[in-house]
Amino acid sequence: MEQIVNLHIELLPEGMYLATSEDVQGLVAQGRTITETIEIARDVTKKLLEAQQTRDSSRKLAAVCDTFDYPMIVAL
């Protein structure tokens with residue numbers, strides 16, 4: 001089942017991007033581009049949620065609905 005995790009992404013002074021989330025405790029991902037950072041965050045999130053699921057199943061994320069908004073980033 002797909003679930004929604006909100007990421008907070010910021011550009012660091014070193015030129016790298018950092019992703020964290022209030023939805024998934026312990027989620028920290030860093031990459032050279034926004035795309036790379038999101039991919040790393042997705043992998044880390046899966047591992048964290050799998051580990052948390054075995055310990056505590058009470059935390060629920062929002063399920064993906066038939067429609068939702070997605071902030072698409074386009075480089076020109």
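A short reminder: the numbers here are calculations on the coordinates, not readings from a lab. Everything numeric in this text was worked out from a predicted model, so none of it was measured. Cβ coordinates were reconstructed from backbone atoms using ideal geometry, including for glycine residues, and neighbour counts include every protein chain displayed.
Restricting region 1-61 to GluC sites (Glu not before Pro) that sit in a DSSP loop and have at most 10 other Cβ atoms within 10 Å of their own Cβ leaves 2, 14, 22. Against the chain, whose longest principal axis is taken from its Cα atoms, helix 34-55 shows a tilt of about 20°. Of 20, 35, the sequence from fewest to most neighbouring Cβ atoms within 10 angstrom is 35, 20. With a Förster radius of 22 Å applied to the beta-carbon distance between residue 12 and residue 76, the computed FRET efficiency rounds to 0.45. Percent of Cα pairs in region 3-56 per distance bin of 10 Å, from zero to the largest separation: 26, 52, 18, 4.
Are there any trypsin sites (Lys or Arg not before Pro) in the chain that are in a DSSP loop and have at most 11 other Cβ atoms within 10 Å? List them by number.
Loop-located and lightly packed - 32, 60.
Counted residue by residue at 0.36 nm each, then reduced by the alpha carbon distance between them, the extension gain from residue 63 to residue 30 reaches 9.3 nm. Only helical runs count toward this figure. For the chain, summing -39,500 (n - 2.57) over DSSP H runs of n ≥ 4 and dividing by all residues gives -10000 deg cm²/dmol at 222 nm.
Here the extension length gained between residue 39 and residue 53 equals 2.9 nm, from 0.36 nm per residue of separation less the Cα-Cα distance.
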